[in-house]
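Let me begin by presenting the structure, written as structure tokens, before commenting on it.
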Amino acid sequence: DSGVTQTPKHLITATGQRVTLRCSPRSGDLSVYWYQQSLDQGLQFLIQYYNGEERAKGNILERFSAQQFPDLHSELNLSSLELGDSALYFCASSPTVGARGANVLTFGAGSRLTVL
Amino acid sequence: DAKTTQPPSMDCAEGRAANLPCNHSTISGNEYVYWYRQIHSQGPQYIIHGLKNNETNEMASLIITEDRKSSTLILPHATLRDTAVYYCIVNDDRGSTLGRLYFGRGTQLTVWP
């Protein structure tokens, strides 16, 4: 158990639908990151939050959005789902931005999304 | 952006040392070398990182060449549970890319009995 909790573990839905993936970071970690892993694209950074504020965006589609709540948990919302959105979605956390080793991320077990 | 080059696959006998190479010839002065691994479909796991000195922890050793253009991750006594994809990542600790790790395709290490 890495200390980063992701739910649900598996999710099957249809095209056009909307889903929400949830992440609880490791205790004390202020930064949350979302990554997507698909067969053809590998692991890709989507978005980062630090203490409730968006810090950086990667290759995140406009149909996707995220937020980090005051208790530091984060949610990734995926809407108007397409077949190509089927992937593993990982959440990761780290303690502090700017500290040495701040690229030491702790990843959760992931949420596997299947869009049919 | 691909800043590192790794062989796509390697194998190693159980109990032997696994030496995974990585080239990062364009690394800049404030960039660290990080290693992560991913056991089939699990979340990536941090292994070790370093700037210019060699580093060792309970999982592995990291050897960085003096010119910092390449490095080697060493698993001293590989076990079957070390079978995974190993990613070498270059990133700095304070810039705008903080936490935005480029994983690339990594090296699939297979440890055989």
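The values are calculated or read from the model by the stated rules, or taken from the named source; none is laboratory data. Worth saying up front: this structure is predicted, and the values here are computed from it rather than measured. Glycine also receives a Cβ, built like all others from the backbone with ideal geometry; neighbour counts cover every protein chain displayed.
Restricting attention to the stretch B:58-94 and to residues that are of a type in the set (G, A, S) and under 15 Å from B:Y34 (Cα atoms), the residue that is farthest from the other protein chains (Cβ to nearest Cβ) turns out to be B:S70.
Taken over the stretch A:29-54, the criterion of being touching a Pro at 6+ places or on another chain (Cβ under 6 Å) and more than 10 Å from chain B (Cβ to nearest Cβ) is satisfied by A:D29 alone.
Just one of the listed residues (A:S93, A:S74, A:S111) is of a type in the set (S, T, N, Q), within 16 Å of B:L101 (Cβ to Cβ), surrounded by 13 or more Cβ atoms within 10 Å (Cβ to Cβ) and in contact with a Pro (Cβ under 9 Å, 6 or more places away or on another chain), and it is A:S93. Total residues in the stretch B:42-57 satisfying the condition of being within 13 Å of chain A (Cβ to nearest Cβ) and either β-branched (V, I, T) or touching a Cys at 6+ places or on another chain (Cβ under 6 Å) (or both): the figure is 2. Of everything in the stretch A:55-64 that's within 13 Å of another protein chain (Cβ to nearest Cβ) and over 18 Å from A:P95 (Cβ atoms), which residue is modelled with the lowest pLDDT? Among them, the one singled out is A:N59. Would you mention how many residues in the stretch A:1-49 are closer than 26 Å to B:G106 by Cα, surrounded by fewer than 16 Cβ atoms within 10 Å (Cβ to Cβ) and modelled with pLDDT under 95? The qualifying residues number 6.
Applying the condition of being more than 28 Å from A:N59 (Cα to Cα) and surrounded by fewer than 19 Cβ atoms within 10 Å (Cβ to Cβ) to the stretch B:95-113 and asking which residue is nearest to the other protein chains (Cβ to nearest Cβ) yields B:T110.
When we screen B:N57, B:N23 for residues that are farther than 18 Å from B:T97 by Cβ and under 13 Å from the mean Cα position of the chain (by Cα), the only hit is B:N23.
In summary, strands (runs of 3 or more DSSP E) completely within the stretch B:6-100 and bearing 3 or more residues that are more than 15 Å from B:V111 (Cβ to Cβ) occur at B:18-23, B:31-38, B:45-50, B:61-64, B:70-75, B:84-92. Kindly evaluate A:D85 against the criterion of being at pLDDT 95 or above, among the acidic types (D, E) and buried (at least 16 other Cβ atoms within 10 Å of the Cβ). Yes.
For A:L105, the conditions (1) modelled with pLDDT under 95; (2) within 14 Å of A:Y33 (Cα to Cα); (3) surrounded by fewer than 19 Cβ atoms within 10 Å (Cβ to Cβ) all hold with the exception of (3). Once the stretch B:15-57 is narrowed to residues that are charged (D, E, K, R) and either at pLDDT below 95 or touching a Leu at 6+ places or on another chain (Cβ under 6 Å) (or both), the residue that is surrounded by the most Cβ atoms within 10 Å (Cβ to Cβ) is B:E31.
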